[in-house]
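Undergrad: Sharing a structure below in structure tokens format, with a few things to ask.
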Amino acid sequence: MTRTVNDLIREDVPRIDKNDTLYHAFKLIEKSGIDKVIVLENRMISPGKEVKSIAGVMTSRDIVLKLATQRLSRTTPGRLHVASFMNSPAITVGPDKSVLEAAKLMISKKIGILPVVSGENIVGAILKTDIARILEQDDTEVRTIMDASPVLARTTDRVVKVRQDMLATDASFVPVLDENDELVGYVTIYELAYAFMKFEDIVPSKYKKERITRLIIEDIMRFRPPKLRLTDTVSQAVAEIMKKGSRGAVVIDEIGKVAGVITIDILLKHLVTNKQELLS
């Protein structure tokens with residue numbers, strides 16, 4: 001039997017009103033561990049009767065993309081509203097849609113969340129991370145599907161530079177190297193969002209432009225990156241990524257140097273391209 005969206009629906013994805021503050025939204029993200037939220041708005045369906053409907057979705061990437069703009073940098077997250085950051089209208093699916101259709105939609109639209117609706121009801125959401133878990137029994141070697149030319153960062157790189165690199169390449173997971181080309185950490189789009197949120201919230205407006213250029217990757221990176229060998233399997237990659245709660249894992253060669261990366265996006269494309277039988 002073909003797997004449907006109903007098999008993977010999550011009810012714990014945060015929901016927030018579009019008029020709530022960005023600060024409140026990020027607190028929900030921190031608490032839930034899910035960096036995506038469903039944005040709601042009141043909609044009149046008949047005189048005197050309102051319902052909550054989906055206005056859009058918001059992710060870490062949306063925060064990173066928009067928070068550092070000149071227009072928004074003059075205020076704090078406590079004065080900014082979700083409506084300024086969300087993607088609208090949201091792309092949604094019904095619970096009876098196949099997981100394959102949902103995965104293809106995520107790939108084509110470059111999105112990581114699909115709110116699930118049934119009639120007027122918001123049932124929950126399906127995340128690309130959960131679709132990738134379907135590959136837990138895949139013995140394909142990671143070297144055959146990895147990105148062998150990933151975006152890399154240095155500990156001394158400016159955060160604003162890495163932000164530009166990640167947005168330009170749509171990267172969500174970046175290994176970090178030290179001055180000796182040794183792997184020492186990694187950053188995801190979430191770390192960038194968190195850093196910009198804290199920076200915008202704490203630093204007075206008149207100092208922001210000067211101080212943001214001083215912020216370096218070493219200040220915000222995560223240590224002990226998920227690591228794989230070239231001969232490790234996709235199932236091992238899934239296990240390592242999920243254990244760390246990361247967006248990807250670093251593939252290292254025989255001498256411990258970075259050979260490539262495996263990301264959730266790569267896993268999703270591999271599933272749709274090469275392993276559709278797992279979706280039955």
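Undergrad: Which cross-chain or sequence-distant (5 or more) residues have an amide H under 5 Å from the amide H of residue 259, H modelled 1.01 Å from N in plane?
TA: 251, 252, 253
Undergrad: If you don't mind, there's one more thing I want to ask. Percent of Cα-Cα pairs more than 20 Å apart in the range 5-127, please.
TA: 45
Undergrad: Please list the non-local residues whose amide H lies under 5 Å from the amide H of residue 91, H modeled 1.01 Å from N, same-chain partners needing a gap of 5 or more.
TA: Those qualifying (amide H under 5 Å, at least 5 residues apart or on another chain) number zero.
Undergrad: Given Cβ point charges of +1 (Lys, Arg) and -1 (Asp, Glu) and nothing else, what value in debye, to the nearest 20, does the dipole of the chain about its Cα centre take?
TA: 1120
Undergrad: Right, next: Say a site is exposed when it is one of the trypsin sites (Lys or Arg not before Pro), sits in a DSSP loop, and has at most 13 other Cβ atoms within 10 Å; what is then the longest site-free stretch of the chain?
TA: Result, exposed sites excluded: 111-213.
Undergrad: Follow-up question, since we're still on this one. When only Cα pairs under 8 Å and 6 or more residues apart are kept, what is the percent relative contact order across the range 135-279?
TA: 33
Undergrad: Give a quick list of GluC sites (Glu not before Pro) in the range 234-280 that DSSP marks as loop, anything other than H, G, I, E or B, with at most 10 other Cβ atoms within 10 Å.
TA: Qualifying residues, ordered by number: 254.
Undergrad: Quick one: which residues, 5 or more positions from residue 227 or on another chain, have an amide H under 5 Å from its amide H? H modelled 1.01 Å from N in the peptide plane, none for Pro or chain starts.
TA: 250
Undergrad: Let me ask you something else. Within the chain, which whole H helices from DSSP have a Cα span along their axis of at least 18 Å and a mean Kyte-Doolittle hydropathy of -0.5 or more, if any?
TA: Flagged H segments are 189-202.
Undergrad: Sequence gap at least 6, Cα distance under 8 Å: using those rules, report the relative contact order of the range 97-200 to the nearest whole percent.
TA: 15
Undergrad: Something else now. Provide the per-residue ³J(HN,Hα) series for the range 6-14, in order, calculated from phi with Karplus coefficients 6.51, -1.76, 1.60 and θ = phi - 60°, each as a whole number of Hz, with x at glycine and proline positions.
TA: 4, 6, 10, 4, 10, 9, 9, 5, x
Undergrad: So for the chain, averaging the separation of alpha carbon pairs under 8 Å that are six or more residues apart and normalising by length, what relative contact order in percent results?
TA: Relative contact order for the chain comes out at 20 percent.
Undergrad: For the range 1-57 and the range 210-266, what is the separation of their C-alpha centers, rounded to whole Å?
TA: Distance between centres, Cα-based: 29 Å.
Readers should treat all values here as calculations from the given coordinates under stated rules, not as data from a laboratory. As the structure is a prediction and not an experimental result, all values here were calculated from the model. Because the Cβ atoms are built from the backbone with ideal geometry, glycine has one as well, and the counts that use them run over all protein chains shown.
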